[in-house]
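Please treat every number below as a calculation from the coordinates, not as lab data. Values in this document were obtained by computation on a predicted structure and should not be read as measured data. In this analysis, Cβ positions are derived from the backbone assuming ideal geometry, glycine residues included, and neighbour counts consider all displayed protein chains.
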Amino acid sequence: MTFLYPAVIAVAVVLTAAAVYGYVALQKRRNAAFQAAGLGPPKGFRRHLPYALLLAALPVMLIGLARPQAEVAVPRVAGTVLLAFDISNSMSATDVVPSRLAAAQQAATAFVEDQPDTVDVGVLVFGDTALLTQAPTDDHAAAIAAIGRVAPSGGTSLGQAILVALGTITGKPVSLPAEGAAPATPDLGYWPSATIVVFSDGEETGGPDVQAAAELAAAAGVRIQTVGVGTVQGATVEVDGFQLGTALDETLLTTVAQVTGGAYQQAGDAASLAERTGALDLRLTTEKEPIELTAPFAAVALLLLTLGGLLGTRWNGRIV
């Protein structure tokens, strides 16, 4: 506990000691007066109780004037969320209305609008490569604007998206060992307040190993939530004049989420996808906040004064 005006504590000690000394001296004079009159002094603790309550109220009230404060751990949703959008050609499929990518954009926009300003939101896009288009910020309007600029093209490298997201979170380049090289786990630190939310149909076309990238995220304490966009029945998209079949790969997205302790969500259209995204589980963190305790001290002092006054009036017919 800390005090905004600690000097008042010294005043409280001095005044309380003076009040107790004065009460004891008064009782001694009263006892002496009774003995001088040939009467025994009054006995019993009950006659002192009202005055004890009144005296106890004095230091409590003065401590309240010192503005006591205590730090309390307050749970809150806070940290960093990176929204990773699959912008491969398959995301233009219309098995999700109006399209996979448009549905993901709508759901992500609603998700950002629901976040408190204690959550920093960043946006990255990934196709054959991954690119951060909005650094994590508490300016959610900027994040929403970045979401609106997403457009489909190219293939899919979910592994590269995870590595770029980890680099953004940790502030250092992150890569996997080259094929054939001795495995090594980079020291990324521990980032339990960071979450990566992936919007993808899960159709991987190349790039770094996805599971190895997810394991790096898990080692760094970063959880990945995956949102499947599309249907297992699939659809066709036209790429360079060719008709290509595409379907949702729930297995890959589920595996990535489970490796990091996250969860996989899937829905069939923009409305239900927005509902599922709203149910994403972000971590609760605790942050110490100063809480002023003047009011509780004042309430206790008032209670002591009231009890002392009532008991003094009831038992003695007066307070003093």
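Taking the Cβ of Asp139 as the centre, find all other residues whose Cβ is under 11 Å away and add up their charges (Lys, Arg: +1; Asp, Glu: -1).
Counting the neighbours of Asp139, the net charge comes to -3.
Count charges around Leu101 for me, please; just the other residues with Cβ under 11 Å from its Cβ, Lys/Arg as +1, Asp/Glu as -1.
Overall, the nearby charge balance is -1.
Where the Cα atoms of the range 53-123 are projected onto their three principal axes, how long is each span, largest first, in whole Å?
79, 19, 13
Across 5 Å bins from 0, what is the distribution of all Cα-Cα pair distances for the range 189-246, in whole percents?
P(r) for the range 189-246, in whole percents per bin: 4, 15, 17, 20, 16, 12, 7, 6, 3, 0.
Under a 5 Å amide H to amide H cut-off, with H placed in plane at 1.01 Å, what residues pair with Thr133 once short-range neighbours are removed?
Excluding prolines and chain starts, which carry no amide H, the hits are Val123, Leu124, Val125.
Whole angstrom only: what separates the Cα centroid of the range 55-72 from the Cα centroid of the range 193-239?
Between the Cα centres of the range 55-72 and the range 193-239 lies a distance of 55 Å.
Go from 0 up to the bin containing the longest alpha carbon distance in the range 78-282, width 10 Å each, and give me the % of pairs per bin.
10, 39, 37, 12, 2
Determine, for Met1, Met61, Met91, the number of other Cβ atoms within 10 Å of each Cβ, and report the residues in order from fewest to most.
In order of increasing Cβ crowding within 10 Å: Met1, Met61, Met91.
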